[in-house]
Every structure is written in structure tokens, then in C-alpha cells.
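Structure, as C-alpha cells:
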Amino acid sequence: MYLGWAYLPKEVLDSMGITYYPSKYWSLALPIWLFVLVIYLYVAFFAINLYNTEPFDSFLTITGKSLL
């Protein structure tokens with residue numbers, strides 16, 4: 001249905017009896033907005049993980065067998 005609305009001309013949709021539909025602008029805008037949202041989420045999660053990671057010279061980053 002989405003592809004038909006996005007690619008068929010207005011005259012074809014009118015002949016099929018479909019007269020109420022959103023603007024053709026949204027056929028491109030919606031996927032682009034969703035793609036940008038996914039990219040933003042990847043960057044945001046990466047930044048949050050970097051922010052919460054201890055620095056390399058921190059004592060908390062030492063791992064291995066405990067001596068105690």
C-alpha cells in the first residue's frame with residue numbers, strides 16, 4: 001500500500017477511488033526521518049558508552065587474578 005501511494009500518480013489513485021491520502025512529501029520524508037533517527041541512536045549509544053567507560057589509567061580497569 002505504501003509503495004502504491006508513493007509511486008502511483010494522483011490520477012491512478014483517484015480512478016481507484018482513493019481520494020484521501022497524505023502529501024507525497026511524506027513518502028520520502030518519513031523513511032529519511034527514520035533513517036536519521038537510527039543513525040542518531042547509534043551515535044548516542046556509542047557516546048553514552050564512552051562517557052561511562054573508565055579511563056585507561058584508572059585503577060578500576062585492572063583485571064585479572066586477585067592477589068588477596
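The values are calculated or read from the model by the stated rules, or taken from the named source; none is laboratory data. Given the structure is predicted, the values throughout are model-derived calculations rather than measurements. Counting neighbours? That spans all protein chains shown, and the Cβs are built from the backbone with ideal geometry, glycine included.
Brief remarks follow.
- A Cβ distance below 6 Å, combined with a sequence gap of six or more or placement on separate chains, defines the contacts here; from the stretch 8-36, residues that are without any contact (Cβ under 8 Å) to a residue 40 or more places away in the chain reach residues that are surrounded by 10 or more Cβ atoms within 10 Å (Cβ to Cβ) and assigned to a helix (DSSP H, G or I) in the pairs Y21/W5; S27/A6.
- Qualifying residue in the stretch 9-28 (condition: surrounded by 10 or more Cβ atoms within 10 Å (Cβ to Cβ), charged (D, E, K, R), assigned to a loop (DSSP other than H, G, I, E, B) and out of contact with any Pro (no Cβ under 8 Å at 6 or more places or on another chain)): yes
- Single unsatisfied condition, N52 versus (1) loosely packed, with under 10 Cβ neighbours inside 10 Å; (2) modelled with pLDDT under 90: (2)
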